[in-house]
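Asker: Before we start, here is the structure in question, set down as structure tokens.
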Amino acid sequence: MKRTKIKDLLQWEPQNQEVTVMGWTRTFRNNQFISLNDGSTIQNLQIVVDYTKFPEELLKRIHTGTSLKIEGILVPSQGKNQKSEVLAQSIEILGDCPAEEYPLQPKKHSLEFLREIAHLRLRTTTFQSVFRIRNGLAFAIHQFFQNKGFVYIHSPIITSSDAEGAGEMFQVTTLDLNNVPKDENGKVDYSQDFFGKAANLTVSGQLEAELGAMSFSEVYTFGPTFRAENSNTPRHLAEFWMIEPEMAFYDLNDNMDLAEEMLKYLIEYTLKNYPEELQFLQQRQLEEEKQKPQNERNTMPLIEKLEFCIKEPFERLSYTKAIEILENSSYNKKKKFQFPVKWGMDLQTEHERYLVEKEFQKPVILTDYPKEIKAFYMRQNEDGKTVRAMDILFPGIGEIIGGSQREERYELLYQRMKEMNISTEEMYWYLDTRRFGTVPHSGFGLGFERLVLFCTGMSNIRDVIPFPRTPKNCAF
Ligand code: ATP
Ligand code: MN
């Protein structure tokens, strides 16, 4: 099956070369022009068909979706939309695609509709663009950390530690749900389960990554995580991918520096490697924006927004300062926030987006959150009220990264676990890191799909993962 990829072919100077291409028909106009896509690029190749030279029965079978093998010669194009085109000499139909049944038609489909046909939406220019960028970002993440000498650690997907408290967990069991074994107290007898105890899908690889950092000093994880939280938002998935670097000998400032450098690297990588995809997605976004009410529109086109984020240093300020700003904002005074602002509260997306989009108009890093709203492992500040947490907030997204300097002092960590009812016996292995050669260390978690959302300008997280898992939805 020798063929030339359309991406390569479009780079050539057309000089009547004989070429073989294979792909799927995007459109077939006037019985004359086939627009062929093979997924090597979002560009289509124009095939010119002299319909007097081919049997009518053959041409009738060419519709949107029909897969073809074309042999022909590469010539300069008569049209103004492309440099070159292929004059077809032979056309072989690899697979028919009945027009009446094929859901993808050469017209604009809504993203909601395309979500229902996720098995086919990969074939659209929009999703080719999104998933090509997603692929590039995954590669760039490894490149960024590998260039710095970080060691990639695979944290387990099935865990028995339920201490993280990051979100609701999915249970993993082989017990017969129609006949669950119980102990004498009427509780589920997990000793009969596969692992001999209760097990879950991981909500985060952080705790295991910390174990790695205590050996290699700089590690990262990049894997799937699962949260059974019933939050039906455009920013939450039940299955999402997370990047979690964990570094010994880093304080919170070092942590913020690394996170900012990483995000800028990834955005720059996207700009450099995906200009065509970004151009297409920007246009798509502009059209989508026109449907929205004026005050909800994005003011900056996608490419400009990405460029803007790498130019400016991120704004860094404390949670306490952010609360002051929010309290004194005209927004708050006019009671425009759905959730009232008060020190001690967890910031809602509306507050995060206000800070980023209205107040500072750039990415913001908030630090030193109240300890009550943060996890047990975050390093306690001298004030007794706050911890060395950091959240990075992005325009249009809200939280994209959550991280902290970790509590490296055994006594304080132990005490906090007791206060928060976290089993110090079960978590002995985590406490051991603080008993055996503890060091100051930090880390963070980047939600991969939130990054892809930002870099593609898409607005729903279900559209940046091929097969989204959300409450009441596990199709494909
Ligand atoms: P949020 O407040 O947005 O629910 P979180 O505080 O629960 O986030 P963390 O536990 O700090 O998030 O997780 C680290 C990162 O993982 C977040 O900054 C975010 O980018 C991403 N993330 C968290 N939950 C989800 C989810 N359900 N779907 C997709 N990404 C998520
Ligand atoms: Mn959450």
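Asker: Would you confirm whether or not segment 408-429 contains a residue that is open to solvent by less than 10 Å² (accessible area, probe 1.4 Å) and small (Gly, Ala, Ser)?
Answerer: no
Asker: Now, a different point. Wholly within segment 80-185, which helices (runs of 4 or more DSSP H) include no fewer than the required count, namely at least 3 residues that are within 16 Å of ligand 1 (Cβ to nearest atom) and either free of Cβ contacts under 8 Å to residues at least 24 places away in the same chain or within 22 Å of the chain's Cα centre (by Cα) (or both)?
Answerer: Numbers: elements: 111-116, 118-121, 125-147.
Qualifying helices (runs of 4 or more DSSP H): 125-147.
Asker: Further question on the same structure: Go through LEU201, LEU177 for me and flag whichever is open to solvent by 60 Å² or more (accessible area, probe 1.4 Å) and more than 30 Å from GLN285 (Cβ to Cβ).
Answerer: Working: LEU201 fails: open to solvent by 60 Å² or more (accessible area, probe 1.4 Å).
Just one listed residue meets the conditions, LEU177.
Asker: If you don't mind, another one. So which residues in segment 53-79 are closer than 19 Å to GLN43 by Cα and assigned to a loop (DSSP other than H, G, I, E, B)?
Answerer: Once the filter is applied, which keeps residues that are closer than 19 Å to GLN43 by Cα and assigned to a loop (DSSP other than H, G, I, E, B), segment 53-79 yields HIS63, THR64, GLY65, THR66, SER77, GLN78, GLY79.
Asker: Please find, among GLN32, GLN43, the residue that is touching a residue at least 40 places away in the same chain (Cβ under 8 Å) and open to solvent by 30 Å² or more (accessible area, probe 1.4 Å).
Answerer: Working: GLN32 fails: touching a residue at least 40 places away in the same chain (Cβ under 8 Å).
Criteria check complete, one pass: GLN43.
Asker: Note down all Cβ pairs under 7 Å where the first residue falls in segment 227-255 and is at negative phi, the second is basic (Lys, Arg) and more than 11 Å from ligand 2 (Cβ to nearest atom), and they're at least six residues apart or on different chains.
Answerer: Close Cβ pairs satisfying both conditions: ARG235/ARG450; LEU237/ARG469; ALA238/ARG469; GLU239/ARG469; LEU252/ARG388.
Asker: Something else now. Taking the options LYS336, LYS358, LYS362, name whichever one is more than 16 Å from ligand 2 (Cβ to nearest atom) and in contact (Cβ under 8 Å) with a residue 40 or more places away in the chain.
Answerer: On the way: LYS336 fails: in contact (Cβ under 8 Å) with a residue 40 or more places away in the chain; LYS358 fails: in contact (Cβ under 8 Å) with a residue 40 or more places away in the chain.
Within the list LYS336, LYS358, LYS362, the selection yields LYS362.
Asker: Still on this structure, I have one more. Restricted to segment 210-225, and to residues that are hydroxyl-bearing (Ser, Thr, Tyr) and open to solvent by less than 30 Å² (accessible area, probe 1.4 Å), which residue is farthest from ligand 2 (Cβ to nearest atom)? Lay out the reasoning, then the answer.
Answerer: Here is the first cut: in segment 210-225, the residues hydroxyl-bearing (Ser, Thr, Tyr) are 215, 217, 220-221, 225.
After this cut, where a residue has to be open to solvent by less than 30 Å² (accessible area, probe 1.4 Å) as well, the list is 220-221, 225.
Working: TYR220: 21, THR221: 18, THR225: 11 Å.
Per the criteria, the residue is TYR220.
Asker: I'd like the full set of residues that are surrounded by 14 or more Cβ atoms within 10 Å (Cβ to Cβ) and either over 20 Å from CYS309 (Cα atoms) or over 22 Å from the mean Cα position of the chain (by Cα) (or both), limited to segment 336-349.
Answerer: Once the filter is applied, which keeps residues that are surrounded by 14 or more Cβ atoms within 10 Å (Cβ to Cβ) and either over 20 Å from CYS309 (Cα atoms) or over 22 Å from the mean Cα position of the chain (by Cα) (or both), segment 336-349 yields PHE337, VAL341, MET345, LEU347, GLN348.
Asker: Still on this structure, please answer the following. Quick check on THR52: is it crowded, with 16+ Cβ neighbours inside 10 Å and of a type outside the set (A, V, I, L, M)?
Answerer: Details: crowded, with 16+ Cβ neighbours inside 10 Å: no; of a type outside the set (A, V, I, L, M): yes.
Answer is no for this residue.
Asker: Within segment 369-412, how many residues are more than 27 Å from PHE436 (Cα to Cα) and part of a strand (DSSP E or B)?
Answerer: Of segment 369-412, the ones more than 27 Å from PHE436 (Cα to Cα) are 369-370, 372-373, 383, 385, 391-401.
From what is left, the residues that are part of a strand (DSSP E or B) are 369-370, 391-394, 398-401.
Residues that pass the stated criteria total 10.
Asker: I would also like to ask the following. Filter segment 226-265 down to the residues that are away from ligand 1 (no atom under 13 Å from the Cβ) and in a loop (DSSP other than H, G, I, E, B), then identify the one that is least open to solvent (accessible area, probe 1.4 Å).
Answerer: Only one residue tops the list, namely TYR250.
The values are calculated or read from the model by the stated rules, or taken from the named source; none is laboratory data. All values derive from a computational prediction rather than experimental measurement. A quick note on method: Cβ atoms are made from the backbone with ideal geometry, for glycine too, and the neighbour counts reach across all protein chains shown. With ligands, DNA and RNA removed, areas are computed over all heavy atoms of the protein, side chains included. Shrake-Rupley method; radii C 1.70, N 1.55, O 1.52, S 1.80 Å.
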